[in-house]
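Below is one structure, written out as structure tokens, with a few remarks after it.
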Amino acid sequence: MKKIAVITSGGDAPGMNACIRAIVNTAWQEGIDVIGFRHGFRGIVENLAQPLHPDDMRLVSQRGGTFLKSARYPEFRDAATAEAAAKQLDAHGISALIVIGGDGSFRGAHHLTKYWPKQVIGVPGTIDNDLTGTDVAIGFSTAVDTAVEAIDRVRETAEAMARVFIIEVMGRRAGFIGLHAAIASAAEAMILPEMEPQPKLANLADNIRQARKKFPDSSYIVILSENLWPGGVHGLAESLSQATGTTCHPCPLGHIQRGGRPNAQDRILAMQLGQAAVAAILKGSNDIMVGFANKQVVEVPISRTFERDKPLNQGLVDLQFGLQGVNFTSKNGR
Ligand code: ATP
């Protein structure tokens, strides 16, 4: 009987549990046993194995986080640690490993293929949505929903008190959450890592001053991706307060963006990709990610997923720039 293993690795993402369910149930139908290792790559090395059976998968899909637990485990970069993981997988008689995670986890998965001559399959699970070769990753849609709901709440109090808020969202190297959240919340400004050049403080301050002058009774919201400004959201809020003479309130959304029940879209995506990962194993694929591009399941060499920076959708960037602040900045002489 064939036996495969699954781990969730790196930052957890809503929908990972639904993906595990799809893997376990699909494999079961093919006569394949599945075990999980808790805490990502560390769990393989430390033998934190957990048998997975369809009976236990009935009520996991609606839960956020990952019941298999995740971990950051920098030691996995060492050859000796990867060799130790390969030995553990062999000791369990595993013929394929599925890694659900982001770009770091996929580097780890690719690294393992050099020491373990079996099958390694990646499933994109990261709220950052920054993996090349897949239009979407498990957890992104829910994270955007969560961010937008939080921003809507801030908007209500900001509007009531006519306040300026700088809201920091996750995505330290990729602005996908920031872009989608900015559009959906009708933000007045956004600052993302991909913006070249980065906006100047003087221009941001100028924009806020214009808005305050025209609409002194209204709110103003800037969406800022994390780690972008010296001193982060607090540093930017302080600098803007000084430059504008108006208090600008910092509001980091933080880890609430990772948690919560996955939305329907993420559950469905997770189950499609979980099923596709088992299908990829059955047809002998190795060192690939199963992703979703142009509305179809695709297989992409795993090294390609993290070698290139995935660009933002320029149409969406233009959409936000075209709409934000249109009523208080002078455009077309109006
Ligand atoms: P997210 O970015 O969504 O938080 P991620 O998968 O990118 O998820 P990381 O912490 O970057 O999260 O990576 C997860 C784990 O993958 C690391 O803790 C480490 O165990 C392993 N890993 C990352 N980079 C490498 C590498 N270059 N070689 C081997 N293993 C790696």
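Would you pick out the residues in the range 45-64 that are more than 18 Å from Lys2 (Cβ to Cβ) and either in contact with an Asp or Glu (Cβ under 6 Å, 6 or more places away or on another chain) or not polar (S, T, N, Q) (or both)?
Correct list: Val45, Glu46, Leu48, Asp55, Asp56, Met57, Arg58, Leu59, Val60, Arg63, Gly64.
State whether one or more residues within the range 39-50 are without any contact (Cβ under 8 Å) to a residue 40 or more places away in the chain and within 17 Å of Val278 (Cβ to Cβ).
Initial filter on the range 39-50 (without any contact (Cβ under 8 Å) to a residue 40 or more places away in the chain): 39, 42-43, 46, 48, 50.
Imposing the further condition that a residue be within 17 Å of Val278 (Cβ to Cβ) reduces the set to none.
No, that holds for no residue.
Please determine, by comparing only the residues of the range 18-40 that are crowded, with 21+ Cβ neighbours inside 10 Å and part of a strand (DSSP E or B), which one is farthest from the ligand (Cβ to nearest atom).
Among those that are crowded, with 21+ Cβ neighbours inside 10 Å and part of a strand (DSSP E or B), it is Val34.
Return only the number of the condition from (1) closer than 30 Å to Val120 by Cα; (2) assigned by TED's automatic domain parsing to the domain that holds Arg209; (3) of a type outside the set (A, V, I, L, M) that Gly274 does not satisfy.
Just one mismatch for Gly274, condition (2).
Identify, please: which residue in the range 108-126 is under 23 Å from the mean Cα position of the chain (by Cα) and over 16 Å from Val45 (Cβ atoms) and is, among those, farthest from the ligand (Cβ to nearest atom)? Walk me through how you get there before you give the answer.
Of the residues in the range 108-126, the ones under 23 Å from the mean Cα position of the chain (by Cα) are 108-112, 120-126.
Among the residues that remain, those that are also over 16 Å from Val45 (Cβ atoms) are: 110, 121-126.
Numbers: His110: 8, Ile121: 15, Gly122: 10, Val123: 11, Pro124: 9, Gly125: 8, Thr126: 3 Å.
Across the range 108-126, the extreme among qualifying residues is Ile121.
Just one of the numbered conditions (1) within 26 Å of Leu282 (Cβ to Cβ); (2) in contact with a His (Cβ under 7 Å, 6 or more places away or on another chain) is not true of Ala71; which one?
(1)
Within the range 228-242, can one find any residue that is in contact with a Ser or Thr (Cβ under 6 Å, 6 or more places away or on another chain), over 30 Å from Ile23 (Cβ atoms), at pLDDT 95 or above and not assigned by TED's automatic domain parsing to the domain that holds Gly64? Before you say what the answer is, go through the steps one by one.
Within the range 228-242, the first condition is being in contact with a Ser or Thr (Cβ under 6 Å, 6 or more places away or on another chain), and the residues that meet it are 241.
Narrowing the set further to residues that are over 30 Å from Ile23 (Cβ atoms) leaves 241.
Those left that are additionally at pLDDT 95 or above: 241.
Then drop every residue that is not not assigned by TED's automatic domain parsing to the domain that holds Gly64, which leaves 241.
Yes, the conditions are met somewhere in the range 228-242.
Identify all residues within the range 257-267 that are touching a residue at least 40 places away in the same chain (Cβ under 8 Å) and either in contact with a helix residue (DSSP H, G or I) (Cβ under 6 Å, 6 or more places away or on another chain) or over 13 Å from Ile127 (Cβ atoms) (or both); write none if there are none. Working first, answer last.
Initial filter on the range 257-267 (touching a residue at least 40 places away in the same chain (Cβ under 8 Å)): 257-263, 265-267.
Gln257, Gly260, Arg261, Pro262, Asn263, Gln265, Asp266, Arg267 - these are the residues of the range 257-267 that are touching a residue at least 40 places away in the same chain (Cβ under 8 Å) and either in contact with a helix residue (DSSP H, G or I) (Cβ under 6 Å, 6 or more places away or on another chain) or over 13 Å from Ile127 (Cβ atoms) (or both).
Looking only at residues that are in a loop (DSSP other than H, G, I, E, B) and among the β-branched types (Val, Ile, Thr) in the range 134-163, which one is surrounded by the fewest Cβ atoms within 10 Å (Cβ to Cβ)?
Just the residues of the range 134-163 that are in a loop (DSSP other than H, G, I, E, B), to begin with: 134-137, 139, 162-163.
Now restrict to residues that are among the β-branched types (Val, Ile, Thr): 134, 136.
Numbers: Thr134: 23, Val136: 18.
Top of the filtered list is Val136.
Considering only the range 1-17, state which residues are within 16 Å of the ligand (Cβ to nearest atom) and either hydrophobic (A, V, I, L, M, F, W, C) or in a loop (DSSP other than H, G, I, E, B) (or both).
Of everything in the range 1-17, those that are within 16 Å of the ligand (Cβ to nearest atom) and either hydrophobic (A, V, I, L, M, F, W, C) or in a loop (DSSP other than H, G, I, E, B) (or both) turn out to be Ala5, Val6, Ile7, Ser9, Gly10, Gly11, Asp12, Ala13, Pro14, Gly15, Met16.
For Val297, state whether it is free of Cβ contacts under 8 Å to residues at least 60 places away in the same chain and within 20 Å of Ser105 (Cβ to Cβ). Outline the logic, then answer.
On the way: free of Cβ contacts under 8 Å to residues at least 60 places away in the same chain: yes; within 20 Å of Ser105 (Cβ to Cβ): yes.
So Val297 passes the test.
The values are calculated or read from the model by the stated rules, or taken from the named source; none is laboratory data. What you see is a predicted model; the values in this text were computed from it and never measured. Glycine also receives a Cβ, built like all others from the backbone with ideal geometry; neighbour counts cover every protein chain displayed.
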